[in-house]
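See structure below.
A short reminder: the numbers here are calculations on the coordinates, not readings from a lab. Every value quoted in this text rests on a predicted model; they were computed, and no experiment measured them. Methodologically, a virtual Cβ is constructed for each residue, glycine included, from the backbone with ideal geometry; neighbour enumeration extends over all protein chains shown.
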């Protein structure tokens, strides 16, 4: 199969070709490798590829034979390096598959490599010292987001149709938005984090994927959901497969719109314009949309400090474990300045502060749960601004302590983090793009605990009404350059949440 043909299919479509015998898994793997060789020198998304293992992949599985990439953190593949984007873990090889890796195998996916991540997933841009910056395929001078920026850039550029991602502060939704992809953060407990990451960031982190089509994400989540024995968090089972939900148009929904984020960072004009066009689309589809104010359940600074405590304490524990296992020092030779600052901050977090931070997490969860008693969903921009130029996050970062770095991260991505604290599902949907630059703009939809079904129904409807999979970035394995098609009109942002005139 030629690359130009390979990139026309999503993961489900490729698996159907394999099941029919029209193409082999080996041919798909060869096309994926050729695609990576063509685009990766320009975007630096894939840090390592390897030959497919000898284990037979179930051809009739929903994703049988489909090339796949895993993020360099949060999942372990036996015999392969997992370095967490850090010099501290350079050369580290996993001794066994994690639970999630076993499920990827059973889904029929053919894992051919790993993607770049921010060091220790400790940020929302992917610019690690270990392997260098990942570039956005839409504009290589811009960030691909993070910490799953490598996975998102690889999918957006056509290397694979779907890739593994994690999300503890928006690390899946943010790169989905930056790269024009669909990305759904599942409910806490939906996908097992075990056996080594059960309490990753104290329940803030979840496992998922980024993809070019909604059905790909739905099919994969169907294959990887369900708890393992002893998991600390367990989400209620859905009544139907998510792949079925995608095909079921939702009933008219009550959707609240939060145009300006908690914390005071203003939404920029291009994003506000995109939000207005999204509201118009939702109203045209029969949904009831109204601007709302949402009580976070904590003051913004209190929320930031709680996240700083949870993040840095977990970081310090992970760093100590890695350093002891690999026999390496914890200093500037092994960790980047912001990670090292977070490590030192986390060492000073006492038990009482940690428990208090968990209490704030739970207050936020209860406050957002009350909102979802009144509304079916909440709509926000995924990010308040367009993808930022590379290096933006590094400006003055050497002067920040652990809490200061978390404050910077949350200030620039204020819409996503509360749903990690609450444990509720949220998705970034690429319904539109900036009319001037062509850069994608993701819209975030959040629903109540355990209600991914509701999100998938709406996502399927939006994908039908405003298709995005035929938009291709400047760096594209299929060879289509500059063919950006934007949905939803043009012109300057209109007033409020109304349709632009």
Pairs of alpha-carbon atoms within less than 8 angstrom and 6+ residues apart define the contacts here; what relative contact order does segment 3-465 have, in percent? 17 percent
By per-residue mean of other Cβ atoms within 10 Å, what is the highest-first order of 186-195, 400-409, 247-256? 186-195, 400-409, 247-256
Suppose each label sits 7 Å from its Cα in the direction of the beta carbon; what would the residue 370-residue 248 distance come out to in nanometres? 3.1 nm
Bridge type composition, the chain - antiparallel percent by DSSP, nearest 5: 65 percent
Cα pair count fraction exceeding 20 Å, expressed as % - segment 200-315: 67 percent
Listed highest first by mean packing, meaning other Cβ atoms within 10 Å per residue, what order do 124-130, 284-290 come in? 124-130, 284-290
For segment 48-200, what is the percent of antiparallel DSSP beta bridges, rounded to the nearest 5? 45 percent
Give me the orientation-averaged projected area of the Cα convex hull of segment 3-465, in nm², one decimal. 19.7 nm²
If packing is taken as the average count of other Cβ atoms within 10 Å, what order do 164-171, 217-224, 372-379 fall into, highest mean first? 164-171, 217-224, 372-379
Evaluate the distance, in nm, between pseudo-label points positioned 7 Å from the Cα of residue 465 and of residue 42 along their respective Cα→Cβ axes. 3.4 nm
Sort segment 77-188 into rounded, prolate or oblate with this rule: let a ≥ b ≥ c be the square roots of the eigenvalues of the Cα gyration tensor; rounded if a/c is under 1.5, and if a/c is not under 1.5, prolate when a/b is larger than b/c, oblate otherwise. oblate
Take the alpha carbon atoms of segment 13-31, find their center, do the same for segment 358-382, and report the distance between the two centers in whole angstrom. 42 Å
Over what distance in Å are the Cα centres of segment 91-129 and segment 217-253 separated? 22 Å
Cβ density ranking, 10 Å radius, fewest first, applied to 204, 326 yields 326, 204
FRET E, pair residue 30, residue 344, Förster distance 60 Å, beta-carbon r, rounded to 0.05: 0.80
